[in-house]
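*Asks:* Can you keep this structure in mind? I'll have questions shortly.
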Amino acid sequence: MAKSVVSIAAGSMASKAVGLAREILFAAWFGAGETAAAYRVAQTAFLFPTHALVGDSLGAGLLPLYRSMQADGKGHHHALMLAATLYALIFSLLSMILLYAFAHMVTQVVAPGASANALQLATVLLRIMSLALPFYIIGYLLSYVEAAHGAFGAIAWRPLAFNLGAILGAALAVLTHKDHWLATGLVIGHVIFFAWTVHKLRGLDGGFPKERQSTALLILVSKRFARNTLPLLALPMLAQGNILTERIVSSWLGTAVIPSVDYARFVSETIIQLVAFPLGILTMASYGGKTVAESIKHVCQVSSAIIVMCAPAAVFLSQNATQVVTLIFARGQFGSEAIELTSEILRWFAASLAISVTAYYFIKAMNAQLRNRESLLITLCAVAVNVAINVMLWRHVGVHAIGLGAVAYSVVLFSLCVARLGIWRQIAPLLGWVTLCSAVQALVTWKLVSALSEYQGLAASACTAAAIWLVAARKIPALREAAAPALTRIPILNKLISTRQ
């Protein structure tokens, strides 16, 4: 499992490196202006229906069931793949037609407060993006089939194709002064990903069925797939509902706020992609369909490691939000207003980073246990709290409403997941120590940031975080046990935290 995690994480790191280049270039070329806002609005509208299927439905609905059918030796997993592909094709074609036909109406719903020019451009971009839907959804589905065969190349590297396509499109838009390339480049990336995934799956023994599947069997597995997947359709829709609410509120606060939220979210969600995403995929692939008793120990160990790894990063980003945003984005069209807006939002996103990343993993762990209705209800509660905070407070606290909503969402999701998984007793002592160490780090970092120059404070904050948490891991058994799976693989750090003489 460790090799698979490293494989996915390596792909995610490479993709995030290219994604970082994409965000830096977007910030320099388009800043937080109307073109940047239009692209983000069109992207949100494009992702809403795609994530209804591929966000959690395919991974949590298909992968554990596929692994179960694969293990029983009857060969029904081939029929499952065909049934799921047909479902994905019908869904994607219908969504493509509707998005193309009603693009203007959709963009107005997503960003009602955006300027007329931004909405007009968003409509054009959305119509082009909609053409990528079949390639995106079916390619995504086939990548999970590949994962069920123990290969994770497509899952690990798919964001790379998308990011390269986005960079190509942005560069052509700047060079030709034709903004449609922003969407056209994205379509090219999705087509490349689809073709590459089909090629990879054909190389796997048993990837594609070699024999004709009976109609009766296809109907049988289709019904089982539908029963397992339909409750999950609301999960990604709810997650996209969160983003849609942020888009609407952002447009009310000003067109410049729309891209600023995405710049901040890119920084915070990088941790999810590098940590929780590969661990969640591997948990579903390795423990899919198993009982709670069989997987709960694994879930406790993994979630404890995530908390300890992410807590220092959360404090560091929250305390140094302005410096981080300035270092990454402050060039070209990305001016002082964009820096201020993005920093304020990032500060809130980072504050809840440890629990938001862990909560994401918990949802995946519950999906692996086929507890899909429970995860749906938990997500519904968290989304309701986030929406209420955004809608009720945006007039009073401005962009802080978006941050407060994100923090509340993470806290509710984390708390309810822990309660339903029944692991409060196991992780409560760890949470206490993590809170204490985070408070110490925050206090010391605040003093350093206020006393030193911009980049000196950034470097001192990083060194301070490393020193505090390494000492804590050496002295506190709960922290040492939680961090051990990660730190023991690094000889120098293993020696530092070891208590053996």
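Computed from the coordinates by the stated procedures, all read-outs in this text should not be read as laboratory data. Keep in mind the model is a prediction, meaning the values are calculated, not measured. Because the Cβ atoms are built from the backbone with ideal geometry, glycine has one as well, and the counts that use them run over all protein chains shown.
*Asks:* Around Glu23, under 15 Å between beta carbons, what's the net of Lys plus Arg minus Asp minus Glu among the other residues?
*Replies:* Taking every Cβ under 15 Å from that of Glu23, the sum is +3.
*Asks:* Can you sort Asp179, Asp262 from fewest to most other Cβ atoms within 10 Å of each residue's own Cβ?
*Replies:* Final ranking by Cβ density, sparse to dense: Asp179, Asp262.
*Asks:* Return the sequence-ordered ³J(HN,Hα) values of segment 336-341 in whole Hz as given by the Karplus equation 6.51 cos²θ - 1.76 cosθ + 1.60 applied to θ = phi - 60°, using x for Gly and Pro.
*Replies:* 5, 5, 5, 4, 5, 5
*Asks:* Among 131-144, 444-457, 391-404, how do they line up by average Cβ neighbours within 10 Å per residue, starting with the highest?
*Replies:* Result, highest mean Cβ count within 10 Å first: 131-144, 391-404, 444-457.
*Asks:* I would also like to ask the following. Between Ala451 and Leu377, what is the label-to-label distance in nm when each label sits 7 Å out along the Cα-to-Cβ direction?
*Replies:* For the pair Ala451/Leu377, the computed spacing is 5.2 nm.
*Asks:* Counting Lys +1, Arg +1, Asp -1, Glu -1, what net charge surrounds Phe362 among other residues with beta carbon under 12 Å of its beta carbon?
*Replies:* +2
*Asks:* Shifting gears a bit: Given Lys364/Lys447; Lys200/Lys297; Lys223/Lys364, which pairs have Cα atoms separated by over 31 Å?
*Replies:* Pairs exceeding the cut-off: Lys364/Lys447; Lys200/Lys297.
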